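I have placed the structure first, in the form of structure tokens, so that the comments after it can refer back to it.
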Amino acid sequence: MKKYLIAGLLTWMPLAITIWVMLWVVGLMDGMFNAVLGVFDTLLPGLAHLKDIPGLGVLVTLALMLVTGVFVTNIFGQWWVHQWDRLLNRIPIVKSIYSSVKQVSDTLFSSSGNAFREAVLVQYPREGSWTIAFVTGRPSGEVAAHLVGEHVSLYVPTTPNPTSGFFLMMPRTSVKPLDMSVDEALKYIISMGVVAPPAGAVAQPEEADPNRRG
């Protein structure tokens with residue numbers, strides 16, 4: 001009986017968690033959409049009935065992001081974004097939060113960025129203990145001036161929650177590149193090593209030549 005219960009649990013749990021996460025995202029977007037409708041409810045009372053349509057917030061959010069992306073990718077839109085950045089960077093306290101979040105988001109999600117583009121193997125937190133890390137770039141500025149040789153900036157995520165972790169700067173020679181993709185490495189970390197990525201083309205050690213002496 002226990003064997004069958006566990007098998008049934010393992011079958012339904014991934015689907016249940018996926019549905020729960022999707023419902024949470026839809027609820028979050030609908031909540032934001034309803035909050036915006038509440039602001040305009042006094043000006044346009046006819047919009048109040050839109051709150052009763054499930055999933056409308058998701059469609060409106062996706063449409064808004066699409067329109068915004070089309071707008072900001074042309075010269076005119078980039079000029080407005082530049083002016084908006086200048087305005088927020090002049091407001092005390094707000095500029096610190098906005099500029100920090102913008103730099104991180106631009107680094108992580110920009111198609112030209114180098115963050116989280118490579119999974120590597122490093123010895124952490126001590127020699128002989130290995131973990132997976134992600135290359136986020138190279139040290140720069142004053143920090144780079146104090147480092148001898150080529151170094152890389154690394155993010156070592158925690159498991160099973162990879163959104164928290166540690167920032168390290170290590171010599172490039174101490175880092176072993178991996179053939180697995182970033183997505184495969186994240187799955188490996190989140191599953192605590194249970195979901196292993198498929199084995200890549202790993203170089204095999206040279207076989208001993210029976211005719212070789214010495």
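Coordinate-derived values only; no laboratory data. Fair warning: this is a prediction, and the values are worked out from it, not measured in the lab. Note that we place each Cβ from the backbone using ideal geometry, even for glycine, and neighbour counts take in every protein chain shown.
Can you list the residues, at least 5 places off or on another chain, whose amide H is less than 5 Å from the amide H of residue 138, using H built in the peptide plane?
Sorted by chain and number, the residues that satisfy this are 153.
If we sort 81-91, 128-138 on the protection proxy, mean other Cβ atoms within 10 Å, highest first, what's the order? Can you show the working numbers first?
Numbers: 81-91: 11.5, 128-138: 16.2.
Ranked by mean Cβ neighbours within 10 Å, highest first: 128-138, 81-91.
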